[in-house]
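The values are calculated or read from the model by the stated rules, or taken from the named source; none is laboratory data. Predicted model only: the values in this text are computed from it and were never measured. Glycine gets a Cβ as well: all are built from the backbone with ideal geometry, and neighbour counts include every protein chain shown. We work out accessible area using only protein heavy atoms, side chains counted, and drop any ligands, DNA or RNA first. Shrake-Rupley method; radii C 1.70, N 1.55, O 1.52, S 1.80 Å.
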Amino acid sequence: MIESTADYELAPDRQEIRPSRPAQSYWSESWERLRRNRLGVAAGTLIALLALMAVAAPVLQALVTHQDPSRQDLGTNFDLPGRAHWLGSDELGRDTLTRLIYGARISLGVGFLTVAIQLTVGAATGLASGYYGGVLDDVLMRIVDVVLAFPPIFLFIGMSILFRPSTVTLSLIIASVGWGVVARLVRGEVLSIKNRDFMLATRSIGARDARLILGHLVPNVLPVMIVAASLALGQIILIEAALDFLGLGIQPPTPSWGNMLTNAQTYFVHSGWLVIFPGLTIFVTVLAANLFGNAVRDAYDPRLR
């Protein structure tokens, strides 16, 4: 088979032809950069395993712990970590490991759902504001300014009091602040892209706004959205745990990492593992999310090229 001469390049030091390296797309090159970051890949793998553990919580309960997360047994309260309770039991005899596994459903569920809401609302606002400009831009950005001007903790506390805490409502409460940051990031990218040559050329052949936004702006803004989502995940998990700890989040007996810490603070001196295991789980998860977010930023952020 005869290969095309376009697949070869001339070696600079001697007069011979050697195969050229095929050009990589932006996404392929970014993926290769991410794969070379071993620490970031390890952190992302840990987040994926925790998410899988949360989804498979009933299976792990049946096959591994053999304990119900809400079943109380005062005869085995404050059990030390051992064969019966791998990570010990709490003041009501509930298995700590099982409650940690089910608590991952709350913390990670709130984290991923909040990120999805922030990206959807923030991206739509930023795209509309940056692309159309004018009065719409002024109105939307003033709304964003008002949202970002309030101290987040007061908004979280106020809305947690007004609405019954659940995975969905907590996600909406946290996203009600975070979407403004995404909107500003997306708007800035849109303003730098919409007047470039390829946009002007597409508009000159009669392309409508929907094609320009969905076909050209969104793919170019997507890297910034991916970076924002990966960096926000750890912060959201920490906010959810803090609200639970303050009694403004998920209420017992539903287990979450935050309210497990709330219950354990009274017994810290007596049973330190009740504080150590939930606290360590939150620490490791947030650290992994931040490390993975930094790796994604280094790989996908066009401004770091």
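Filter the range 249-285 for residues that are farther than 23 Å from residue 174 by Cβ, part of a loop (DSSP other than H, G, I, E, B), open to solvent by less than 30 Å² (accessible area, probe 1.4 Å) and in contact (Cβ under 8 Å) with a residue 24 or more places away in the chain and give the result.
Selection gives 271 alone.
Looking at the structure I just gave you, is residue 292 in a helix (DSSP H, G or I), of a type in the set (Phe, Trp, Tyr), open to solvent by less than 60 Å² (accessible area, probe 1.4 Å) and in contact with a helix residue (DSSP H, G or I) (Cβ under 9 Å, 6 or more places away or on another chain)?
Judged against the criteria, residue 292 is not a match.
Identify, please: which residue in the range 190-207 is in contact (Cβ under 8 Å) with a residue 12 or more places away in the chain and surrounded by fewer than 19 Cβ atoms within 10 Å (Cβ to Cβ) and is, among those, farthest from the chain's Cα centre (by Cα)?
Residue satisfying both the conditions and the ranking: 202.
Out of everything in the range 156-172 that is among the aliphatic types (A, V, I, L, M) and within 17 Å of residue 117 (Cα to Cα), what residue ends up being surrounded by the most Cβ atoms within 10 Å (Cβ to Cβ)? Talk me through it step by step, then tell me what you get.
Within the range 156-172, the subset among the aliphatic types (A, V, I, L, M) is 157, 159, 161-162, 168, 170, 172.
Right, trim to within 17 Å of residue 117 (Cα to Cα) and you get 159, 168, 170, 172.
On the way: 159: 18, 168: 13, 170: 29, 172: 15.
If we take residues in the range 156-172 being among the aliphatic types (A, V, I, L, M) and within 17 Å of residue 117 (Cα to Cα), then 170 is surrounded by the most Cβ atoms within 10 Å (Cβ to Cβ).
Tell me which residues, restricted to the range 28-53, are open to solvent by 70 Å² or more (accessible area, probe 1.4 Å) and under 15 Å from residue 282 (Cα atoms).
49
So is residue 124 over 27 Å from residue 292 (Cβ atoms), of a type in the set (Gly, Ala, Ser) and open to solvent by 50 Å² or more (accessible area, probe 1.4 Å) or not? Spell out the reasoning first.
Values: over 27 Å from residue 292 (Cβ atoms): no; of a type in the set (Gly, Ala, Ser): yes; open to solvent by 50 Å² or more (accessible area, probe 1.4 Å): yes.
No; evaluated as a whole, the condition is false for this residue.
Exactly one of these conditions fails for residue 187: (1) charged (D, E, K, R); (2) out of contact with any Leu (no Cβ under 7 Å at 6 or more places or on another chain); (3) open to solvent by 80 Å² or more (accessible area, probe 1.4 Å). Give me its number.
Just one mismatch for residue 187, condition (3).
Looking only at the range 266-283, which residues are in contact with a helix residue (DSSP H, G or I) (Cβ under 9 Å, 6 or more places away or on another chain), at pLDDT 80 or above and farther than 14 Å from residue 87 by Cβ?
282, the sole residue that qualifies.
Is the range 95-104 home to any residue that is among the charged types (D, E, K, R), touching a residue at least 12 places away in the same chain (Cβ under 8 Å) and open to solvent by 10 Å² or more (accessible area, probe 1.4 Å)?
No, the range 95-104 contains no residue that is among the charged types (D, E, K, R), touching a residue at least 12 places away in the same chain (Cβ under 8 Å) and open to solvent by 10 Å² or more (accessible area, probe 1.4 Å).
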